[in-house]
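A.B. asks: Can you read through this structure? Questions will come right after.
The values are calculated or read from the model by the stated rules, or taken from the named source; none is laboratory data. This structure is a prediction, so every number in the text was calculated from the model and none was measured. Cβ placement follows ideal geometry from the backbone for every residue including glycine, while neighbour counts extend to all protein chains displayed. These accessible areas exclude ligands, DNA and RNA; they are computed on the full protein's heavy atoms, side chains included. Shrake-Rupley method; radii C 1.70, N 1.55, O 1.52, S 1.80 Å.
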Amino acid sequence: MQIALEIQRFNPETNTESEFQTFNVTVEPTDRILDALMEISRNQDGTLVFRKSCAHGVCGSDAMRINGTERLACKTLVQDVADADGATVRIEPLRHLPIQRDLMVDQSVFFRKFRSVKPYFVAGSEIGEREYLQSQADRAVFDDATKCINCSACYSACPVLQKNPDFLGPAAIVQAARFVFDSRDKGLEARLDVLDSPDGVWPCENHFECTRVCPREIKITKLINLTKREIKKYREARGEATAEHKEAN
Amino acid sequence: MTHEFDAVIVGAGGAGLYAALEASKTARTAVVSKLYPTRSHTGAAQGGIGAALGNVDQDSPEWHAFDTVKGGDYLVDQQAARILAEEAVQAVYDLENRGLPFSRTPDGRIDQRRFGGHTRNFGEAPVHRSCYAADRTGNMILQTLYQQCIKNDVHFYDEFQVVEVFLDGTRVAGVAAFELATGEVHVFKAKAVMFATGGFGRMFRITSNAHANTGDGPALLARVGIPLEDMEFFQFHPTGIRGMGILITEGVRGEGGILRNSKGERFMERYAPTLLDLAPRDMVSRAIMTEVIEGRGIRGDGRIDDWVMLDASHLGRETVYAKIPDIADFCKTYLGVDPAEAPMPVQPTAHYAMGGIPTDIDGRVCTDTTVYAGLYAAGECACVSVHGANRLGTNSLVDLVVYGRRAGRHIADYVRSADHSRLPADAGDAARERIATLKKSRGPHPGPLYERMQQTMMARIGVYREREQMEEAVAEIRQLREEFQQVRVQDNSANYNQEVLGILELENLLDLSLVTAVSALNRTESRGAHSRKDFPERDDVSWLKHTLAFLNGSDVSIDYKAVDTSIWEPKPRTY
């Protein structure tokens, strides 16, 4: 079948504003949108740029907006977004991150927030000769959070980030939850200065957009709420107040 | 711009990150990677990392080492395999202690599952040896190592493509790298350089490999005269998603999944009566191709793109979604099939390079006669050789953890006493010139060359090989390398010029395709993944030796290196 890809183009070296350009490509309904983009860049227009790598939804390189929704281009089949021959599919870069060129966005801020939650294991006890013991139930608690691939789809879809760019954002909270709910990790306290701050977990308003777009089907909003509850529990046990109602500096 | 470090690690997959963690303990270390962190292909490894923990079954590193040697059809260097199996145990504990979320046994230990070719007591029966985190073990290893790099403040240069390596005689002096964001060529002066650039499955049409897997390290080194070892041995994983090549982990069969042909027969009974569906990958891939060629594929027309079925539906929904959730997701996304209910259509997919940059057990790049001081390699781009003629499932992750760590430790030690070598005064200019030339005039798009290379390699250097077809492949690849000289970019921008990057990658793949095809044509026997219709038997008298292939312009010359068989005598390989 033939489809038209309507792609947002922008190159700061040559453009002052972005514009849409339409490419016609011949595809199978079961091809990935990434395959169609590759066809354009290798055979039609070498100036079209986008990120890619694994091509099956595990590396997180090719998140973009496809017909207005954040998706991975390699995990979206043509038939998922184009219902008939001649259909038009609109492709745009992610929101809330500066556009570098065409479909490439600058993830520096995203990764800075990711690093700010100390996304690494903080050992709770001395390392023994072998492995830490962990029950299957304890392992299951944080399983969902281990699936994140830092693609930024949730970051783009989040309505709170639209009005408050300083919000920590869904993905970084998922990374924090990955460790906070790991029975072996004892790093909640070390992460509180970021999580329990006015721009930490609290701005989340439960729009569920992150959960809806996550290509790994992580229940992100639920993890954010569980993290909020864990922080409240920690503060209450110490008779302290959370930063939920504080103003950002 | 010129940067100076003690050590530069090229590639940020498992081997590169582990080496960076170790090297950075004493050395000023930079990781230079063409991808953002955690995008590397280690993250796509699914089924597990083999280590004889004995958490489920009785097990020993000696059995693991033996299975590795036999699985590699005795082309494995046996002391290297012994180190692999012994150090795997501590490596897995280290990863767990650094937070890796392994799946657990009922008593809270690291859980283990069965995998192809891994047996107890030298081949008696399958053993539970693969330590796993659901079916995203590689992703968890990559994330854990990256998390540790953040914790230890390792310095990253993201989206830098290394385009040249500088040698001063046989000592490394540094590398040049193309910065995607600006188009600038940077020079990195370093006492030690390690390549950990992964595989090059993108030379084949049907592959499980990422677009980024273009063999950049081996190709750069081949162009400065360093030979590549055992390049004829490329693994076709038996179970890729039909038509797309996306990997379906061997763990599916480890959990009890069964391969069936169009008649519903469990055909592995005829090929590997003891291990059945858990025979090593080369044997299972050949079995599938034989079924297909003899007309028992699902379509039944005997063509090589026909397929068979992998059935996991009898395992029950709970097992499927607990043990192989990502596989279920892939099958639903790409095939519209729920593996808990229906079988999955699969065909062999180009998966893993057993060959690569020759190294010793400390990751030092070397031939029989020369050690390249300060130059290291580990992971899939390297050839230690622990995989010989066919890698066992899980051993890729074992390799990159064990040998990535060993190389990193050696680097940490080496840079303490080593000096910087002399960089050429014009270092980086050749690469700048090259990129300018690509932009100077008009020429054809690279797309058609990519397609012809992938078609040729898939059809003629595939699961089954024969002389005439391989000769055609060599001729076609030579022709493509000629035509490649005309390719130009359409994109004249300096910033984010993906087209320049793509053309440099294609050049690397073409060079490695030529080396692979010539090495395959040269080896007149069948061993492991190299299976020739015209020479169907293994020939230990003539061919129990490693190939060393030197790329000289459009020619490839061949030399050999002895195999270490100091522990087990080669025997016929049956399962």
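A.B. asks: Please find, among B:Val76, B:Val165, the residue that is touching an Asp or Glu at 6+ places or on another chain (Cβ under 9 Å), in contact (Cβ under 8 Å) with a residue 40 or more places away in the chain and surrounded by 20 or more Cβ atoms within 10 Å (Cβ to Cβ). Break it down stepwise before answering.
C.D. replies: On the way: B:Val165 fails: touching an Asp or Glu at 6+ places or on another chain (Cβ under 9 Å).
One residue alone meets the criteria, B:Val76.
A.B. asks: Of everything in segment A:89-117, what is within 10 Å of chain B (Cβ to nearest Cβ), open to solvent by 20 Å² or more (accessible area, probe 1.4 Å) and farther than 26 Å from A:Thr16 by Cα? Give them in sequence order.
C.D. replies: Selection gives A:Arg115 alone.
A.B. asks: Right, here's the next one. Output the residues belonging to segment A:231-249 that are open to solvent by 50 Å² or more (accessible area, probe 1.4 Å) and in a helix (DSSP H, G or I).
C.D. replies: Result: A:Lys232, A:Lys233, A:Glu236, A:Ala237.
A.B. asks: I've got another one for you. Could you check segment A:69-88 and list, in sequence order, the residues that are in contact with a strand residue (DSSP E or B) (Cβ under 7 Å, 6 or more places away or on another chain), away from chain B (no Cβ under 14 Å) and surrounded by fewer than 22 Cβ atoms within 10 Å (Cβ to Cβ)?
C.D. replies: Across segment A:69-88, the qualifying residues are A:Asp85, A:Gly86, A:Ala87, A:Thr88.
A.B. asks: Just give me the residues in segment A:34-61 being open to solvent by 10 Å² or more (accessible area, probe 1.4 Å), within 21 Å of B:Arg136 (Cβ to Cβ) and among the small types (Gly, Ala, Ser), in sequence order.
C.D. replies: Across segment A:34-61, the qualifying residue is only A:Ser61.
A.B. asks: Would you confirm whether any residue within segment B:206-223 is among the small types (Gly, Ala, Ser), in contact with a Ser or Thr (Cβ under 9 Å, 6 or more places away or on another chain), touching a residue at least 24 places away in the same chain (Cβ under 8 Å) and assigned to a strand (DSSP E or B)?
C.D. replies: Checked segment B:206-223: no residue is among the small types (Gly, Ala, Ser), in contact with a Ser or Thr (Cβ under 9 Å, 6 or more places away or on another chain), touching a residue at least 24 places away in the same chain (Cβ under 8 Å) and assigned to a strand (DSSP E or B).
A.B. asks: Right, another one. Quick one: how many residues across segment B:373-393 are more than 12 Å from the chain's Cα centre (by Cα) and on the phi > 0 side of the Ramachandran plot?
C.D. replies: Result for segment B:373-393: 2.
A.B. asks: Restricting segment B:476-518 to residues that are in a helix (DSSP H, G or I) and open to solvent by 60 Å² or more (accessible area, probe 1.4 Å), which is farthest from B:Glu294 (Cα to Cα)?
C.D. replies: Out of the qualifying residues, it is B:Glu482.
A.B. asks: Identify all residues within segment A:169-194 that are among the hydrophobic types (A, V, I, L, M, F, W, C) and out of contact with any Phe, Trp or Tyr (no Cβ under 9 Å at 6 or more places or on another chain); write none if there are none.
C.D. replies: Answer for segment A:169-194, where residues must be among the hydrophobic types (A, V, I, L, M, F, W, C) and out of contact with any Phe, Trp or Tyr (no Cβ under 9 Å at 6 or more places or on another chain): A:Ile173, A:Val174, A:Ala176, A:Ala190, A:Val194.
A.B. asks: Say we look at segment A:165-186 and pick out the residues that are surrounded by fewer than 19 Cβ atoms within 10 Å (Cβ to Cβ) and in contact (Cβ under 8 Å) with a residue 60 or more places away in the chain; which of these is farthest from A:Ala237 (Cα to Cα)?
C.D. replies: Among residues in segment A:165-186 that are surrounded by fewer than 19 Cβ atoms within 10 Å (Cβ to Cβ) and in contact (Cβ under 8 Å) with a residue 60 or more places away in the chain, the one farthest from A:Ala237 (Cα to Cα) is A:Pro165.
A.B. asks: Could you go through segment B:9-27 and let me know if any residue there is in contact with a helix residue (DSSP H, G or I) (Cβ under 9 Å, 6 or more places away or on another chain), modelled with pLDDT under 95 and of a type in the set (D, E, K, R).
C.D. replies: Yes, segment B:9-27 contains at least one residue that is in contact with a helix residue (DSSP H, G or I) (Cβ under 9 Å, 6 or more places away or on another chain), modelled with pLDDT under 95 and of a type in the set (D, E, K, R).
A.B. asks: Residues in segment B:305-331 that are within 13 Å of chain A (Cβ to nearest Cβ) and under 27 Å from the mean Cα position of the chain (by Cα): how many?
C.D. replies: 8
A.B. asks: So which residues in segment B:88-147 are touching a Gly at 6+ places or on another chain (Cβ under 6 Å), facing another protein chain (nearest Cβ under 9 Å) and not β-branched (Val, Ile, Thr)?
C.D. replies: B:Gly138, B:Asn139
A.B. asks: Give me the residue from segment A:1-24 that is assigned to a loop (DSSP other than H, G, I, E, B) and open to solvent by 50 Å² or more (accessible area, probe 1.4 Å) and, out of that set, nearest to the other protein chains (Cβ to nearest Cβ).
C.D. replies: Looking at the filtered set, the residue picked out is A:Glu13.
A.B. asks: Is it true that A:Ala190 is within 14 Å of chain B (Cβ to nearest Cβ) and in contact (Cβ under 8 Å) with a residue 60 or more places away in the chain? Full working, then the answer.
C.D. replies: Values: within 14 Å of chain B (Cβ to nearest Cβ): yes; in contact (Cβ under 8 Å) with a residue 60 or more places away in the chain: yes.
Considered against the rule, which asks whether it is within 14 Å of chain B (Cβ to nearest Cβ) and in contact (Cβ under 8 Å) with a residue 60 or more places away in the chain, A:Ala190 comes out as yes.
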